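Please treat every number below as a calculation from the coordinates, not as lab data. It should be emphasised that the depicted structure is a prediction, and the values quoted were computed from it without experimental measurement. Don't worry about glycine lacking a Cβ; one is built from the backbone with ideal geometry, like all the others, and counts go over all protein chains shown.
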Amino acid sequence: MELSLFLARAWGLFSVITSAGLLLNKGSFISMMEHLQTDSVGMLLAGVIALGIGTAQVAGFNCWTADYRGLITLFGWVSLLKGAVIIFVPGYMARFALAFTKETWYTASLVVFFIMGAYLCYAGFARRGATEDLPVHR
């Protein structure tokens, strides 16, 4: 399987599932974000995980094109930068999280994230020939 198809499927599913869950459980998520701001170990762990995912993504796939591959690359760079910011400037991410949970930004950004994920799912799963390379389980 092409790496770009694998990443489109992975990022697409992650984006669709995450954004749908956060939109449906807004109250619980906002409460968690408020508690995470005071949890320095949790914030550090989130930064390390985001940095690790972003670093692996950027090192393994960095293709700036005007299609789904460019969106995959953007996701990788955003993850890398987010992880670095959390590690180097942890207070900034707490302020960003607080601003993100405001009604307008919260819903709009998650809807955009959902649409990008749906596009990546389409690119990864529904393209002609994309399923031909799936392994057969016997």
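Computed quantities for the displayed model
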| item | result |
| --- | --- |
| Cβ-Cβ FRET estimate between M32 and V112, R0 fixed at 22 Å, reported to 0.05 | 0.55 |
| Between helix 90-100 and the chain: long-axis angle, C-alpha atoms, 0 to 90°, nearest 10 | 80 |
| Distance between the stretch 1-36 and the stretch 44-82 - C-alpha centres, whole angstrom | 15 |
| Rel. contact order, % - alpha carbon contacts under 8 angstrom, at least six apart, the chain | 43 |
| Size of electric dipole in the chain: Cβ of Lys, Arg +1 and of Asp, Glu -1, about Cα centre, debye, nearest 20 | 100 |
| Folded to 0 to 90 degrees: helix 26-36 orientation relative to the chain principal axis, Cα | 60 |
| Degrees separating the helix 3-24 axis from the principal Cα axis of the chain, which is the longest one | 40 |
| Loop-located chymotrypsin sites (Phe, Trp or Tyr not before Pro) in the stretch 57-115, at most 11 other Cβ atoms within 10 Å (DSSP) | W64 |
| (1) 8.0; (2) 9.8; (3) 8.4, with the label sought being that of the calculated mean projected area of the Cα convex hull in nm² | (2) |
| Helix-only [θ]222 nm of the chain, DSSP H runs n ≥ 4, -39500 (n - 2.57) each, per residue, nearest 500 | -25500 deg cm²/dmol |
